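What follows draws every value from the coordinates through simple rules; no lab data is involved. What you see is a predicted model; the values in this text were computed from it and never measured. Note that each Cβ is placed from the backbone with ideal geometry, even for glycine, and that neighbours are counted across all protein chains shown.
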């Protein structure tokens, strides 16, 4: 009776090989046509290999956890002549066989499906682009890709959306060129210098493990206090002042980890995020712990004015230890803003909303203006406990704004 | 008309003898016998007194040729096998290689080395010596891979004022045929794009050019366009052509039949890594014979040297990176 091969099928575009996950039949078992007999896994999905025709499993020549190329013979079905005649799948011709006879020393070679001891490298590869199931080489950018990226001022982040065709989907130079070509279908414009600057800062900051915690804060004391002051400081400035005072008590929270050392600034300089056209600038208020809220309000107004005119010089943005972002000014309640790359902390303030608050003394709900306050931090330098104590202290200080 | 690689070598020597009376051929049994491989067949009769048998002493052969060259002659020395030229290393490296630098007097000898493997030839009749000679200053080392190059490069070797090591491949002697002798030629020191491609550059020379071309044809069926560069001369080495090829493909596989340690493939990769690092889309690879003496048994010999199968496997692995 004829033996019909069970072949690793073409599992999808640009898939060259698959790992055998499970064998569902043994030699000697009776099978029907298109019965699922072997389960295989690619980097995209788990799929089944089916029998080419009905019959009896003559042999299964593969083992679980091993990688086999598309087109490899995985086993044989012993079929009746009639069933074998229905066999329609064809084995792709191994390319090596054709030349075997003409090349010295190759007569003895038979092109056979090669079993791989591990999937990182396969010796046979049928047509189409190779996509190994393993991850060796993932994230690698070749010198050529790097050189081309440098030429075009691209960064790793720009390639985030490119699924490469190299080992473990690494981006080859061809993938890069294809990606660049695909961009031509979009409308393309130059990014402003400020946009590029922000992008660069955010990319650098994002290389760190960043975390955010948040809590509710009662804004009514601040809003009441604010009415009695001249000039009137904004809520963000109260937060800045409270943060400065909290950091006097807990200076370690703003420590910067560099290698295996901690850098601690001697001055409590805190930045304020100000939206500018097509970007954001963060001018810094120096020694925020040593100036009164009134003085801060004047300096803050000046800096905001400069920022809106984009006249904040680089040294006015350099060297802070923390920053405050008033994302509530956009009507937003909550966010996870990213600290500046050279800072460990960023406090965010959401929009104030009238909220029912359970008052234990009155044993009733009372209305209060509540906002969400967040603290984003570099988790290398600071843990949830330290960050929580700092944020709690800021909230406490905001409860007595007259002392700020 | 059809002419083999070996016949082209004979024809080039005949033409050199005919056109330049300073030329003479010196070697063991090159006279009436016509040479171990018949590369000088009939030349002793055509050019009496200019195709001379020597004692079995490679040292003496090259020494005498150097003396004649210094005095204005253009000797061609035939080694029976490249392997035995090691006996003449002192004459070739220390005397011929340094002569012009020491004296300002050129030493235009040509040493023909029947090189490379044929089935069953074993450790003393299969070796490729080009890397060793290329290592020393003062020598030109050529490795023709085609009938055309076998002819023109031998004529050039005789014409060049420097000592030239002419590495002719024994496997190509009878296997390679051309319709006619060439009229045009590329100069020594210029590599040739034997096959244009865009996915991978195989840089090679001598017999491995043909194995690599087989691989390129085979891989074209899978949609890969492999470029094959025939270095032609390993010293001088045409780095520009190699870099231009790597610039097109981003991937480099160097293939040589000789031993792996040091060598021509290592030199090519060192140059590309230094001057063309930014062109590489994958780590460059090389494929050589195994680092053992060359085996006699045909199956072991096949496993020892690179062939279309092992080159193809290396190429495919490189394309997967």
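Miscellaneous remarks
- For region B:115-250: rounded, prolate or oblate by the Cα gyration tensor [a/c cutoff 1.5]: prolate
- Residues A:179, B:33 in ascending order of nearby Cβ atoms (within 10 Å, fewest first): B:33, A:179.
- Degrees, to the nearest 10: A:293-308 long Cα axis against longest axis of chain A: 50 degrees
- The orientation-averaged projection of the convex hull spanning the C-alpha atoms of chain A amounts to 32.2 square nanometres.
- In Å, descending, principal axis extents of the Cα set of the protein assembly as shown: 127, 83, 45
- Pairwise centroid distance, computed over Cα atoms, of region B:174-197 with region B:26-102, Å: 26 Å
- Area projected by the alpha carbon convex hull of region B:221-316, averaged over all directions, nm²: 7.0 nm²
- Shielding value for A:139-150 is 4, the average number of Cβ atoms from other chains within 10 Å of each residue's Cβ.
- Considering region B:181-251 at the alpha-carbon level, its Rg and Dmax are found to be 12.2, 36 Å.
- Each semi-axis of the equivalent ellipsoid for region B:87-127 is √(5λ) with λ an eigenvalue of the Cα gyration tensor; in descending order they amount to 30, 10, 5 Å.
- Label separation (residue B:193 vs residue A:334): 6.1 nm, computed from points 7 Å beyond Cα along the C-beta direction.
- Footprinting exposure proxy for A:218, A:359, B:20 (fewest neighbouring C-beta atoms within 10 Å first): A:359, B:20, A:218
- Pairs of Cα atoms farther than 25 Å apart, region A:293-403, %: 34 percent
- Here A:280, B:269 are placed in order of increasing Cβ neighbour count within 10 Å, fewest first, which gives A:280, B:269.
- Rounded to 10°, Cα long-axis angle of helix B:208-220 versus longest principal axis of chain B: 30 degrees
- With Cα atoms, 0 to 90° folded angle of helix A:193-205 axis to chain A main axis: 70 degrees
- Share antiparallel - DSSP beta bridges, chain A, percent rounded to 5: 90 percent
- Global form of region A:331-394, assessed from the alpha-carbon gyration tensor, a/c cut-off 1.5: oblate
- Gyration tensor (Cα) of region A:7-58, equivalent ellipsoid semi-axes in angstrom: 22, 11, 8
- What the Cα convex hull of chain B gives, in volume per residue, is 129 Å³.
- Note on region A:173-291: Cα convex hull, mean projected area over all directions, 12.6 nm².
- Neighbouring partner chain Cβ atoms per residue of B:278-288, average, 10 Å criterion: 4
- Counting, for every residue in A:172-179, the Cβ atoms of other protein chains within 10 Å of its Cβ and taking the mean gives 2.
- Between residue A:32 and residue A:302, the C-beta separation translates, for a Förster distance of 56 Å, into a calculated FRET efficiency of about 0.10.
- Rounded to 5, percent antiparallel among DSSP beta bridges of region B:188-321: 20 percent
- Distance between the modelled labels on residue A:213 and residue A:177, one decimal in nanometres: 5.3 nm (7 Å Cα→Cβ projection).
- Calculated FRET efficiency, residue B:2 to residue B:53, Cβ-Cβ distance, R0 = 30 Å: about 0.50 to the nearest 0.05.
- Estimated at 0.36 nm per residue, the fully extended path between residue B:175 and residue B:60 surpasses their Cα-Cα distance by 38.1 nm.
- Using the Cβ-Cβ distance between residue A:287 and residue A:389 with R0 set to 22 Å, the FRET efficiency works out to roughly 0.45.
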